[in-house]
Amino acid sequence: MLNQQGQPTKYTKLFLPNLGLPLLAALTPSGIDIGITIEYIEDIDFDEEVDLVGVTAQTCEAPRAYQIAQEFRKRGRKTVLGGNHAFVRPQEALKHFDSVVVGEADDIWPEVVNDAKAGQLKPLYTPEAKPSLDKLVIPRFDLLDYNQYMIPPFARTPLLPFQTTRGCPHGCDFCSVTQFWGQKLRTKPAALVVRELEALQPSRAFFVDDNITADPQHAMELFRELKPLRLRWASQMSTTVGQHPELIKAAAESGCHETYLGIESFNTESLKTVRKGFNKVQEYRDLFKRLADVGILAQIAIMFGLDFDNPDGLRRMVEELLDMDINYLIISLVTPLPGTRLYDRLLQDKRILETDWSLYDLTHVVFQPQAMSPKELENLMWEMFAKFYAVKNIFKRAWRFKRQYTQYFPRDNAFEEIFFQLHMRHAVVNKLHPFSLGLSSDPT
């Protein structure tokens, strides 16, 4: 991704490895020499003797991905792009890459590699169907340097990503998940998830599922299988988990200590405009408390810039959240990602202001909000971030959750939690999104 100076964004340490590249490395035919370079933490050797360069990119990373392809193609190297942006803008990507994978690459990646080896790389590779998750694939995390990632005290590994489901039954207007992964949920057998965990032995795990409890029966089976591992883990859930108290209890007993919840707004009209009316505002407080009571602390995601938002209402929302049982607050600016219904609607209404994909990073306003100027909306995000991560509020949360930090977490994690909260504060002071990919070395 490019920073505000047009240079590649750099971090001193990353929080979480990418899952896609180690997964494709594991699916690569035998006899192929593979390497993974993470440009966020290391420089790319454009002069390295390679036969095929694979790049993955989200929309905000696309401009830098195109630059990378240009450098390799100047040296006669073949390039292929995959990921979300390639899926929604394949013809655009083909202007910069030799080949584009349109969709999930699991089943088609061996064909791409073999075609490249034979000198017969096709322009487009489109899988015929969504891949099944019923076969064991051990991601090649051994190709990564763990020293490039944050490793908590007494841990052997950084937080490692795993996946137990793909797809989401919901169809929120702003979300690119349904477009890429599909609206039909696919599940990985719990026994295979356990075998992956046993093979890789993570100190802790993050399940990157968009909603790990979307299939309650699968989730319950998974939690039962995880319990004997005594693994500390986190994931993402929908607020609909509140309808299944038995799942909350089982998740906690299996090692869940934190979960990400996208509540987006306290305004029911705003929620309806983006097809997220299943979020019940009146149930938020009780849900967060029920999670905290069993040792699961909530990371709450909200959006600024929905059509019924106004400055006073957004400030009130953050004030109320400060009084609820949540550990982290993630504020994102409404971003109309290409391929979503939100993008199509705002484009039709002539409200899209920016076409530079690098600004589609959830921290820049790229459209015209209804009730305020773009600059006012951006400033309000930083103001509310600063309020939530004020030092006094960080230590209030540490006191509020002292039981969770000591009873449910390993005892050293009280200090770990405070460290990360103070990191959030440092990032906000420097106008860096506190939930970026790592500890930033960029001044802007």
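The values are calculated or read from the model by the stated rules, or taken from the named source; none is laboratory data. Just so it is clear, the structure is predicted and the values come from calculations on it, not from any experiment. Cβ sites come from the backbone with ideal geometry, for glycine too, and all protein chains shown count toward neighbours.
Screening residue 96 against (1) outside any helix (DSSP H, G or I); (2) buried (at least 20 other Cβ atoms within 10 Å of the Cβ) leaves a single unmet condition, (2). Is it the case, given these coordinates, that residue 266 is within 30 Å of residue 315 (Cβ to Cβ), in a loop (DSSP other than H, G, I, E, B), among the aromatic types (Phe, Trp, Tyr) and modelled with pLDDT under 95? Answer is no for this residue.
Here's the yes/no breakdown for (1) in contact with a strand residue (DSSP E or B) (Cβ under 8 Å, 6 or more places away or on another chain); (2) assigned to a loop (DSSP other than H, G, I, E, B); (3) among the basic types (Lys, Arg):
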{"site": "275", "(1), (2), (3)": "no, yes, yes"}
{"site": "288", "(1), (2), (3)": "yes, no, no"}
{"site": "315", "(1), (2), (3)": "no, no, yes"}
{"site": "319", "(1), (2), (3)": "no, no, no"}
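Restricting region 368-382 to residues that are more than 22 Å from the chain's Cα centre (by Cα) and free of Cβ contacts under 8 Å to residues at least 60 places away in the same chain, the residue that is nearest to residue 175 (Cα to Cα) is 368.
Does region 366-387 include one or more residues that are surrounded by 14 or more Cβ atoms within 10 Å (Cβ to Cβ), within 27 Å of residue 180 (Cα to Cα) and hydrophobic (A, V, I, L, M, F, W, C)? Yes, region 366-387 contains at least one residue that is surrounded by 14 or more Cβ atoms within 10 Å (Cβ to Cβ), within 27 Å of residue 180 (Cα to Cα) and hydrophobic (A, V, I, L, M, F, W, C). Looking at this structure, is residue 46 hydrophobic (A, V, I, L, M, F, W, C), under 17 Å from the mean Cα position of the chain (by Cα) and surrounded by fewer than 19 Cβ atoms within 10 Å (Cβ to Cβ)? No: the conditions fail for residue 46. Scanning region 177-213 for residues that are farther than 20 Å from residue 138 by Cβ and touching a residue at least 60 places away in the same chain (Cβ under 8 Å) returns 179, 180, 181.
Of the residues making up region 393-439, just one is surrounded by fewer than 16 Cβ atoms within 10 Å (Cβ to Cβ), part of a loop (DSSP other than H, G, I, E, B), modelled with pLDDT of 80 or more and not basic (Lys, Arg), namely 430. For residue 243, indicate whether it is at positive phi and surrounded by fewer than 16 Cβ atoms within 10 Å (Cβ to Cβ). Here the answer is no, as residue 243 does not meet what is asked. Restricting attention to region 81-107, the residues being free of Cβ contacts under 8 Å to residues at least 24 places away in the same chain and over 22 Å from residue 59 (Cβ atoms) number 0. Among the residues of region 253-290, the one identified as under 26 Å from residue 310 (Cα atoms) and touching a Lys or Arg at 6+ places or on another chain (Cβ under 7 Å) is 264. Among the residues of region 342-358, the one identified as within 19 Å of residue 302 (Cα to Cα) and in contact (Cβ under 8 Å) with a residue 60 or more places away in the chain is 342. Would a scan of region 135-157 turn up a residue that is over 22 Å from residue 437 (Cα atoms), part of a loop (DSSP other than H, G, I, E, B) and free of Cβ contacts under 8 Å to residues at least 60 places away in the same chain? Scanning region 135-157, I find at least one residue that is over 22 Å from residue 437 (Cα atoms), part of a loop (DSSP other than H, G, I, E, B) and free of Cβ contacts under 8 Å to residues at least 60 places away in the same chain, so the answer is yes.
In region 195-225, the qualifying residues are those that are over 18 Å from residue 133 (Cα atoms) and charged (D, E, K, R), and the one that is surrounded by the most Cβ atoms within 10 Å (Cβ to Cβ) is 204.
Within region 22-43, being within 13 Å of residue 145 (Cβ to Cβ) and surrounded by 11 or more Cβ atoms within 10 Å (Cβ to Cβ) holds for 22, 36, 37, 38, 40, 41, 42.
So that you can scan it fast, the table gives a plain yes or no per residue for (1) loosely packed, with under 15 Cβ neighbours inside 10 Å; (2) over 30 Å from residue 229 (Cβ atoms); (3) in the same structural domain as residue 335 (by TED's automatic domain parsing):
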position	(1), (2), (3)
265	no, yes, yes
269	yes, yes, yes
275	no, yes, yes
284	no, yes, yes
288	no, no, yes
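Cβ separations smaller than 6 Å between residues 6+ apart or across chains give the following pairs from region 51-66 residues that are part of a helix (DSSP H, G or I) to residues that are aliphatic (A, V, I, L, M): 59/337; 60/1; 61/1; 63/2; 64/1; 64/2; 65/55; 65/57.
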